[in-house]
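The values are calculated or read from the model by the stated rules, or taken from the named source; none is laboratory data. Everything quoted here is computed from the prediction, not taken from an experiment. Here the Cβ positions follow ideal geometry from the backbone for every residue, glycine too, while neighbour counts run over all protein chains shown.
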């Protein structure tokens with residue numbers, strides 16, 4: 001098995017993709033809007049990926065946050081609110097906000113589980129700042145670390161209750177970044193004392209099963225490499241100071257914050273300490289380069305992957321999707 005989560009090009013597996021994936025045997029897959037047409041098609045696709053891998057617990061990921069980041073779209077699937085809505089409710093009724101975030105995440109999970117998706121790249125634990133780029137913006141759960149941690153915990157719990165693994169991101173914190181890492185490499189010049197505030201939600205949720213790194217440079221820790229490529233940030237900050245021991249994946253190798261060939265990018269994030277390299281575009285030439293640059297998944301990474309997927313073994317919500325959405329909306333009406 002290769003330590004890769006890979007994208008694919010469209011709503012069905014192409015013969016070339018089927019042959020490549022059978023040979024490369026990636027640890028899992030990630031889906032985007034190009035892969036999501038309707039319930040029947042999407043369930044067929046995820047079943048096909050499971051059959052190809054031979055693994056019933058295959059990680060099939062998606063970014064289904066709500067708001068502007070939603071791969072499964074209306075009218076086929078319901079729209080979900082952005083994280084900012086729960087932050088606003090917290091100002092009025094903290095307990096209701098936590099419950100609304102949990103129920104909303106459970107509803108998302110029910111929707112995902114129906115079509116065979118097992119991992120959602122949610123929640124963001126990035127603490128929002130006034131100077132930060134809008135790439136985080138209304139996707140954040142708040143500007144106060146304890147609030148972000150409380151709402152983030154509710155999201156993780158709701159997803160798990162619905163049968164889906166959550167992924168906290170973007171460790172060790174993207175909220176201060178004044179650039180979009182999809183477009184360029186952000187540099188956060190805050191000192192270590194200020195960065196402690198950004199770490200706090202990740203410390204509070206350090207026992208979650210999966211996390212995603214940030215393609216952001218933090219000169220206070222490593223002036224030369226972004227977190228995804230920095231053995232110092234991963235080893236001393238994420239694994240050390242935060243204490244996270246779950247499965248650690250990189251953010252997308254295709255983002256313009258990174259430079260160099262895709263072979264070097266994939267090898268670099270794994271050498272730095274990521275368990276899994278994430279590649280999203282579905283471009284075959286890029287995937288061939290990525291797969292050729294990495295060896296087999298390490299025993300430690302495989303153990304973390306298995307432990308993460310075991311957290312949802314047998315989990316299935318008995319509450320219908322419509323009922324969960326109605327309960328969430330009744331709670332959000334207080335804001």
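Please state which of the following conditions residue 303 fails to meet, knowing it meets all the rest: (1) touching a helix residue (DSSP H, G or I) at 6+ places or on another chain (Cβ under 8 Å); (2) within 30 Å of residue 102 (Cβ to Cβ); (3) surrounded by fewer than 18 Cβ atoms within 10 Å (Cβ to Cβ); (4) modelled with pLDDT of 95 or more.
Condition not satisfied by residue 303: (1).
If I go through segment 80-104 residue by residue, how many of them are under 17 Å from residue 155 (Cβ atoms) and part of a loop (DSSP other than H, G, I, E, B)?
Selection size over segment 80-104: 4.
Table: residues versus (1) over 27 Å from residue 296 (Cβ atoms); (2) in contact (Cβ under 8 Å) with a residue 40 or more places away in the chain; (3) within 21 Å of the chain's Cα centre (by Cα); (4) surrounded by fewer than 16 Cβ atoms within 10 Å (Cβ to Cβ).
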site	(1), (2), (3), (4)
5	no, yes, yes, no
9	no, yes, yes, no
17	no, yes, no, no
26	no, yes, yes, no
29	no, no, yes, no
42	yes, yes, yes, no
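List the number of the failed condition for residue 126; all other conditions in (1) surrounded by fewer than 24 Cβ atoms within 10 Å (Cβ to Cβ); (2) under 16 Å from the mean Cα position of the chain (by Cα); (3) in a loop (DSSP other than H, G, I, E, B) hold.
Among (1) surrounded by fewer than 24 Cβ atoms within 10 Å (Cβ to Cβ); (2) under 16 Å from the mean Cα position of the chain (by Cα); (3) in a loop (DSSP other than H, G, I, E, B), residue 126 violates only (1).
From the list 135, 117, exactly one residue is touching a strand residue (DSSP E or B) at 6+ places or on another chain (Cβ under 7 Å), under 30 Å from residue 42 (Cα atoms) and either buried (at least 22 other Cβ atoms within 10 Å of the Cβ) or at pLDDT below 95 (or both). Which is it?
Just one listed residue meets the conditions, 117.
Identify all residues within segment 144-155 that are in contact (Cβ under 8 Å) with a residue 40 or more places away in the chain and part of a loop (DSSP other than H, G, I, E, B); write none if there are none.
None - no residue of segment 144-155 is in contact (Cβ under 8 Å) with a residue 40 or more places away in the chain and part of a loop (DSSP other than H, G, I, E, B), so the list stays empty.
One residue is enough: does segment 236-243 have a residue meeting the conditions without any contact (Cβ under 8 Å) to a residue 12 or more places away in the chain and out of contact with any strand residue (DSSP E or B) (no Cβ under 7 Å at 6 or more places or on another chain)?
yes
Between a residue in segment 63-82 that is at negative phi and touching a residue at least 60 places away in the same chain (Cβ under 8 Å) and any residue that is loosely packed, with under 12 Cβ neighbours inside 10 Å and outside any loop (DSSP other than H, G, I, E, B), which pairs come within a Cβ distance under 9 Å, given they are 6 or more apart or on different chains?
What qualifies is 78/322.
Tally the residues that are surrounded by 15 or more Cβ atoms within 10 Å (Cβ to Cβ) and either outside any strand (DSSP E or B) or out of contact with any strand residue (DSSP E or B) (no Cβ under 7 Å at 6 or more places or on another chain) (or both), restricting the search to segment 70-79.
The number of residues fulfilling the criteria is 4.
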